[in-house]
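Here it is: the structure, laid out below.
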Amino acid sequence: MIRVLIVDDDKLARKGLISIMPWSAHGMTVAGEAANGAKALEFLDQQAADLLFVDLSMPVMSGLELIQAARGKYPDLRFVMLTFHEEFEHVQAAYRMGVLDYISKARMELEDNEQILARIRHKLANEPEHPMTVPPSAQPASIGPTAEKAERNAPPPDEAQWRKLEQDWRSPYWLYDKAVFDRLCGQTEASNASVRRLEGLFLRVISQMEAALQLEAEFRLEAEDLRSAIERIRQYRKRIYAQVARSTDLTATAICILKAVLYIREQAARPLHAEDVAEHVNMSRSYFCQIFKKLTGSTFHDYLRQERIRTAERLLRETDRSVAWVANAVGYGDSKYFSHIFYEQNRLHPSEFRAQFHRGDD
């Protein structure tokens, strides 16, 4: 069994790589993990490893520095380079130092994890100066004929559609706007992407979010199917909001805007202005409006209107109260103006929306 050490300063990236790659199917086992090159050398002094997956850019000791140091002490070690950026000069330098393979983190979700490990295993087995026998149990068939057949027969998602979906997930809008989030979840479920590919994308997206938010919320891996993978991200988003609601820290801009979103939800039924929300999160009005648009994708006034209409939709579905009552409950004293705004967003008047929703109840 090939013993693997994962070396990356991004904790979430390490956990994700350990969880989503089919190590045992390719005769590999993860022996450990390290947050930087120095920690990796300490690990190697205590425990044996055959193959290191090494991040290119790390504090304390970079990936290239680690490879150079480890090759001198452990000549039989092999290396796979990981990097999020396409730093080709460094990649070429790594290959000159004997790196076995190179994996772009930015493109991992576009590659099949089985193929990545199969490619690496093949290179290990065919190094003439360092032959490495792969045990029969490590052949890909060990994942089971049913699972292998299902993976082989599953139609791949359209790549252009997937790239657009990936781009949308990488924007921050889904965290701040529930309508955007629900739309993305629906599109993702319809994409027919593999669970591993989706988990890889979610892990990268969450890593970016947590760097901006300076928060950590548990994200469970190893989903059973596409729906359960999407449910994982739904629960993650809820946990982020729960943490933000309890937090009193207003130093991180992203947290301030999330707090603003929560405040808008709470106060949407009363007259509400941008300066009120800006004051709530300790920002000037002009800066708040600028950063709110950047992170949510909507102006404050558009976002407030959408939130009010979303609440009105719920009240129309769940109550029998009059349209005038619903309008007042979401901050519109003029029911005719409310009906006009509601129609602009839904292409249905409030009474038509309610009738459509309740159709078939009788």
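None of the figures in this text is laboratory data; all of them are computed from the coordinates on show. For clarity, every value in this text was computed on a predicted model and none was experimentally measured. Don't worry about glycine lacking a Cβ; one is built from the backbone with ideal geometry, like all the others, and counts go over all protein chains shown.
Given a Förster distance of 41 angstrom, what is the FRET efficiency for Q46 paired with R170, based on the Cβ-Cβ distance and rounded to 0.05? Mind showing how you got there, number by number?
Numbers: r = 38 Å, r/R0 = 0.93.
Efficiency, from the Cβ-Cβ distance: 0.60.
Strictly over 22 Å apart at the Cα level, which of K105/K164; K105/K293; K178/K259; K238/K259; K259/K294; K11/K259 would you flag in this model?
Values: K105/K164 18 Å; K105/K293 29 Å; K178/K259 14 Å; K238/K259 13 Å; K259/K294 15 Å; K11/K259 26 Å.
Violating the 22 Å limit, Cα to Cα: K105/K293; K11/K259.
Pull up the cross-link candidates among the lysines for K73, meaning alpha carbon to alpha carbon under 18 Å and not fewer than 8 places away within one chain.
Candidates past the 8-residue exclusion: K39.
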